[in-house]
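S.K.: Submitted below is the structure of interest, expressed as structure tokens.
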């Protein structure tokens, strides 16, 4: 049986990069969509293209059977043209959506869920075979704490008690690979999560264990956090969506599902494992080398 050729968008990001790596390791022909120079293993073809310019995608899509689609914008504007371009060449699309999209697909009131909901609608109406992956929060989002951890040994953030089943990007990728290379998830919207709820304070402590030195969690107010986000250049609509959404999860946390293990045959990786895998990102220049974690 001929292996499908798969185009991975978001290929330089955590999830897309892991999809590229896992497809390549499995011997599946894979192309990585890039906007500039990027380094991939031998055998992975990097192709130029920009999702913001659908006309630039023709060469990247030529001869492709399936596409892993990561939408990099906070608006669905232009997505219809991109999906039309995909449909002219490929037969399947696997879309990286969000756990915030409800089964009833009702128009929600916050920016992130709005564009994911619209992208799912466009994908489902495209005539392509499709899967919409709905992960909970990414463990890799805690990399936003890395500079602070390296320089101060602390995390200053709101909602210390916020507990989420953060998911390792390698687990999202493993589910995506099943959706891209088998028919097991056609027309499915799996809710994929980490294996347990872990508070933000616990996340900081587990990062400390991974790097071999304590990491304190210093709780700040939501207003302080919003000001920090705005000062860092985050769009206003993202600030307005993220922090209130996180606050709501205090009383109504996300469920923990066994979908990763059901789909891939391997249990979802805990946050502790993610912290060990990414310890080097949190080490100070004078800190202990990666792999020196204490129990």
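S.K.: Compute the acute angle (0 to 90°) between the alpha-carbon long axis of helix 14-25 and the principal axis of greatest extent of the alpha-carbon atoms of the chain; round to the nearest 10°.
M.R.: It is inclined by approximately 60 degrees.
S.K.: Moving on to the next point. Helix 236-251: angle to the longest alpha-carbon principal axis of the chain, degrees 0 to 90, nearest 10?
M.R.: 70
S.K.: Just the Kirkwood number for the stretch 55-138, please: inverse of mean 1/r across all distinct Cα pairs, in Å, one decimal.
M.R.: When all Cα pairs of the stretch 55-138 are included, the Kirkwood radius is 13.1 Å.
S.K.: Between the helical axis of 111-124 and the dominant principal axis of the chain, each derived from Cα atoms, what acute angle in degrees is found, rounded to the nearest 10?
M.R.: Approximately 20 degrees, to the nearest ten.
S.K.: For the chain, state the semi-axes of the equivalent ellipsoid (square roots of 5 times the eigenvalues of the alpha-carbon gyration tensor), sorted largest first and rounded to whole angstrom.
M.R.: 32, 22, 19
Readers should treat all values here as calculations from the given coordinates under stated rules, not as data from a laboratory. A quick note: this is a predicted structure, and the numbers were derived from the prediction, not measured.
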